[in-house]
Structures are given as structure tokens and as C-alpha cells.
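The structure appears right after this line, and notes come after that.
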Amino acid sequence: MASLGAVERGPVGERAHPLQGYGTRVADPIRLAAVHACGLLDTDPEEPFDRLTRLASMMLDAPLAFLTVVDDRRAFVKSQAGVESQAGVESQAGVESQAGVESQAGLDPVARTDRRRPLAETFCPLVIDAAGPLVVSDTASDTRTRGNPMSATLGVAAWAGYPIFSPDRQIVGVFSVADTHPRPWTARDLTVLETLSEAASGEIALRATLARATELARTLQASLLPPRLPEVPGLDLSARYRPAGTGSQVLGDFFDVFHTGPAGLGVVLGDVAGKGVEAARVTALAHYTIRAAASRSTSPAAILGQLNTALLTQRPDSERFLTAAYLDVRKERSGRRVTLCSAGHTPVLLRRAQGDVRPVGVHGLVLGVFDDADLVDTPIRLRRGDMLLLYTDGVTEARRGREQYGDERLRSLVGALGPVSADRLTAAVEAEVLDFAEGSPHDDIAILALGLPSGPGHR
């Protein structure tokens, strides 16, 4: 194996290519893809990795510990830590902490604080080339490390590093410790270092798993929501959905708007209790059962009743139940005739063109628990300027400390907005709830508005 001194320079006055003198593993496209996929290059320090380097420095009494990510051109120090020696004398290489690094006489302070370093100025490529650990008790006398600028700029006289792996076992970096004096690395030292390098690999794998789970959750959630609402002449429709937190978990809020024949429209908004895969299964069952039932009946109570039966018979062992509000919308000469059924759901709000706001419908029981959910159809006639608002409890139960957003605050907002479009109504509700919850809702938020435009003055 070529020494790092051999790759430091090409002909006199000419900088060598950063890969000159290394094996093929450093530039392997599969490895480089894994490096970039781990998402650590050029990112800020993070506590999970800083904790590991601090632990390595303390347990091994090493002035410096590094977690370095390596591509084909540079070594990026994701985390660096150091401690004072047991004798209480500050190490020659200095100590980097969250407060920064104090310069030491005779050492290059820029090199010590710069987290991006040329490959030729680190020992990390040797670990990648060897596909295993590199342990050097005296960097000045070892042919593999003699002449490397790292010894001069950081005062490294002894170094030991273990590879860090991606989930598919590609080497993406190196976990290492360094001393400013030659030292023999004991078997215990190497066991500790190997264990901490494995912990770093585990953190990378955990992040990859979480990223995949988040993407899967978002894809699954999106598959249970309509990609767009149908355009219905003379009807104003808008819906918004915002997942709680990072969206990494599948929760149970759902809505759907679909044609039920040449003159009919089905509108449903619901909320499945719980989260995760089982909640997604129940949501999917609800979605397809409602559509199938609506092809045979125009009664919302009958449609939700069929869903109740499906939940009790097809998923009898599930602890998941759901609430839902279903609207059957029919065109009339003077407006729209709407039939509403609520199964334990948050109140549907009706805002008349004149500005008064009130809840409508009869509050039935939740679905999936009782044989008879006590479901009742309520007829509503919509005229120009009227608007119906459906929403899940993520709206009214949004919290700021111990205070809930609440029903009264929502009704006041809807009344104060006046004759706005469905899109402006759903946007205003979402914005106010997020502002109230300081941008961090703890539950999904689904909002749907349906109404008749009020005419030329419609905003």
C-alpha cells in the first residue's frame, strides 16, 4: 500500500489528484452513492454523533476523536471532540467543543478548525482501502502514515480508526481517535473504538430506516387521499390536509369527494383512532367501503351503516374505530340539497350567507364499536353564499400549552371571515390553528369546505 506521503504532491509545484496512490475502494461509485445517501456531508454537528466522539475521547484518554465522512475528494469531519489529559495538561492538539477550539502554539489553527480536509491530509483513505481498521502507534515511523500533513497540522503522533458503514455495508467514513504522543493502543482501546464505530453505523442506519418509513408513510397517506378534488360546476370545493409532526407516521384523518351519478356527489371526512399500519388498514377499508355503498344508496346514514357493519365483520379484532361525516349533495333549481349524517364526528358548521354560523346534524355514535350506531340523516338546503365546513378534531383540539383551540374560537373565525371562497376559508382555518399551536400540531388536521359562490362579490 502506498504511503500518504506519496500522494501529497505530483511533480514539483503541481498538486496531485486527490485519489492518486489510493486503491479503487475510495472512488467506488457504489460506495460514493452510499456516502451521499447518508446525508451527512457538509452538515452541522449533531448531538448523537458528538456524544460518541466525546465518549471515545474520555474513555480512551485521547486528546482528539473524530467522526469523518469520506467521499472521493475530501474528508468531512462531522464530529470532533477532545479532553484534557489525566495529568491536567492541555493536549498539544487542543480541544474542540461546542464552544470552539483554542489555538495551540506551533499548530495550524485553520487546519484544526476546518471541517473539510483534502484526502491527502488525513489517514481515513487507508481505512477505506483496507476495508478494515487502521491502528498506528507512531505515525512518524509507520510507513503508511509517515509524512502525512495531519501529523504536523494537528500534532497527531498516534492514530486508530475503524470504518463506519452505511446500512448496505458500504464504508462511508471513519471513526477515529488520536494522541499527540506515540502510544500503544491496547486491546481494550480497540474494543471500545470498534464498539463506538458500530454505534455510529447504527445511528446512520436508524436515520435511513426513519427516512424510508417517513417516505412510506407519506406515500401511503397520499394513496388514501384524492390527488385533486373534482370540478363541479356551480359548487365551490376546497380541502386541506396537514400531517402532524414530520409526517413519519400514518394517522387516520381522511377525506374523499366523488361523483355518485350524473346528479350526485359524495363527500366524506373522517378520523380513524390511532396511528400506524392498523390505522391505515382501517382508513383504506373505510375509503373503499364508502364508495361501494354510495353506488347503491343515496342515504348517508345507510352508507355509514354499511361501513359500521364492515368494520365489525371484516376487522372484528381491531381496536380501531372511526368517526365520519358524510354528505350526499344533489342539484336543485334554487341551489343544492345536502343530506348529512354524522357518526360521532366533530360538528359540521353551516355558515349562511347572512353570516350566522351554527352546527348542523345529529351526533350519532362512532363506527366499529356498536351494532347500532344510531345514525340519522339531516337534510340541509344550500343557497348562494352558504358554506359547510367539515374538519377533524386536530383543528379544535390543537393546543397551546394547556389551552385548546376549541369550538367557539373556530365558529368565531368562520363568522368573522364573511362570504369568502371555500379555498380562502380552509386556508384561514389552517393558518389560525397552526398559529395557535405555534406551528407544531400534535394531531393531523383535515379541513373541507363546500358551498355555493355568492356571486360577483365572492372573494
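Being acidic (Asp, Glu) and over 35 Å from the mean Cα position of the chain (by Cα) is the filter; apply it to the range 176-195 and report the residue that is surrounded by the fewest Cβ atoms within 10 Å (Cβ to Cβ).
Among them, the one singled out is Asp189.
I want to confirm something. Restricting to the range 378-396 and keeping residues that are closer than 18 Å to Ala431 by Cβ and crowded, with 19+ Cβ neighbours inside 10 Å, which single residue is nearest to the chain's Cα centre (by Cα)?
By that ranking, first place goes to Gly394.
For the range 397-411: of the residues being out of contact with any strand residue (DSSP E or B) (no Cβ under 7 Å at 6 or more places or on another chain), touching a residue at least 40 places away in the same chain (Cβ under 8 Å) and assigned to a helix (DSSP H, G or I), which is least open to solvent (accessible area, probe 1.4 Å)?
Taking the candidates together, the pick is Leu410.
Which residue pairs have Cβ atoms under 9 Å apart, sit 6 or more places apart or on different chains, and have a first residue in the range 55-70 that is among the acidic types (Asp, Glu) and a second that is in a strand (DSSP E or B)?
Asp61/Asp179
Among the residues of the range 415-427, is there at least one that is open to solvent by 20 Å² or more (accessible area, probe 1.4 Å), out of contact with any strand residue (DSSP E or B) (no Cβ under 9 Å at 6 or more places or on another chain), within 30 Å of Gln306 (Cα to Cα) and hydrophobic (A, V, I, L, M, F, W, C)?
no
Here is a yes/no grid of residues against (1) β-branched (Val, Ile, Thr); (2) open to solvent by less than 50 Å² (accessible area, probe 1.4 Å); (3) modelled with pLDDT under 90; (4) not in a strand (DSSP E or B):
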residue	(1), (2), (3), (4)
Asp328	no, yes, no, no
Thr339	yes, yes, no, no
Gln354	no, no, yes, yes
Ala373	no, yes, no, yes
Val376	yes, no, no, yes
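Any residue at all in the range 286-296 that is in contact (Cβ under 8 Å) with a residue 12 or more places away in the chain and either open to solvent by 70 Å² or more (accessible area, probe 1.4 Å) or touching a His at 6+ places or on another chain (Cβ under 9 Å) (or both)?
Yes.
Among the residues that make up the range 298-319, is at least one of them charged (D, E, K, R) and either open to solvent by less than 10 Å² (accessible area, probe 1.4 Å) or closer than 25 Å to Pro233 by Cβ (or both)?
Let us first name the residues in the range 298-319 that are charged (D, E, K, R), namely 315, 317, 319.
With the extra rule that they be either open to solvent by less than 10 Å² (accessible area, probe 1.4 Å) or closer than 25 Å to Pro233 by Cβ (or both), the set shrinks to none.
The answer is no, given that none of the residues of the range 298-319 is charged (D, E, K, R) and either open to solvent by less than 10 Å² (accessible area, probe 1.4 Å) or closer than 25 Å to Pro233 by Cβ (or both).
Gly173 fails exactly one of the following numbered conditions: (1) assigned to a loop (DSSP other than H, G, I, E, B); (2) surrounded by 17 or more Cβ atoms within 10 Å (Cβ to Cβ). What is the number of that condition?
(1)
Taking Arg207 as the residue in question, decide whether it is surrounded by fewer than 20 Cβ atoms within 10 Å (Cβ to Cβ), over 27 Å from Arg73 (Cα atoms) and modelled with pLDDT under 90.
Numbers: surrounded by fewer than 20 Cβ atoms within 10 Å (Cβ to Cβ): yes; over 27 Å from Arg73 (Cα atoms): no; modelled with pLDDT under 90: yes.
When the stated conditions are applied, Arg207 does not pass them.
Being at pLDDT 90 or above, in contact with a Phe, Trp or Tyr (Cβ under 7 Å, 6 or more places away or on another chain) and of a type outside the set (Lys, Arg): is that true of Leu367 here?
Taking the combined requirement at face value, the residue satisfies it.
Name every residue in the range 189-204 that is out of contact with any strand residue (DSSP E or B) (no Cβ under 8 Å at 6 or more places or on another chain) and small (Gly, Ala, Ser), in order of residue number.
Ala199, Gly202
Which residues, taken from the range 139-161, are of a type outside the set (A, V, I, L, M, F, W, C) and open to solvent by less than 30 Å² (accessible area, probe 1.4 Å)?
So in the range 139-161, the residues of a type outside the set (A, V, I, L, M, F, W, C) come out as 139, 141-149, 151, 153, 155, 161.
Once the filter is applied, which keeps residues that are of a type outside the set (A, V, I, L, M, F, W, C) and open to solvent by less than 30 Å² (accessible area, probe 1.4 Å), the range 139-161 yields Thr139, Thr145, Asn148, Pro149, Gly155, Gly161.
So that you can scan it fast, the table gives a plain yes or no per residue for (1) outside any loop (DSSP other than H, G, I, E, B); (2) more than 42 Å from the chain's Cα centre (by Cα); (3) touching a residue at least 12 places away in the same chain (Cβ under 8 Å):
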{"position": "Pro125", "(1), (2), (3)": "yes, no, yes"}
{"position": "Ile128", "(1), (2), (3)": "yes, no, yes"}
{"position": "Gly132", "(1), (2), (3)": "no, no, yes"}
{"position": "Val135", "(1), (2), (3)": "yes, no, yes"}
{"position": "Ala140", "(1), (2), (3)": "no, yes, yes"}
{"position": "Thr145", "(1), (2), (3)": "no, no, yes"}
{"position": "Met150", "(1), (2), (3)": "yes, no, yes"}
{"position": "Thr153", "(1), (2), (3)": "yes, no, yes"}
{"position": "Val156", "(1), (2), (3)": "no, no, yes"}
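All but one of (1) without any contact (Cβ under 8 Å) to a residue 12 or more places away in the chain; (2) within 36 Å of the chain's Cα centre (by Cα) hold for Leu327; state the number of the condition that does not hold.
(1)
The values are calculated or read from the model by the stated rules, or taken from the named source; none is laboratory data. Computed from a prediction, not measured in an experiment: that's the story for all the values here. Because the Cβ atoms are built from the backbone with ideal geometry, glycine has one as well, and the counts that use them run over all protein chains shown. Each accessible area value is taken on the protein alone, full model and side chains, heavy atoms only, with ligands, DNA and RNA left out. Shrake-Rupley method; radii C 1.70, N 1.55, O 1.52, S 1.80 Å.
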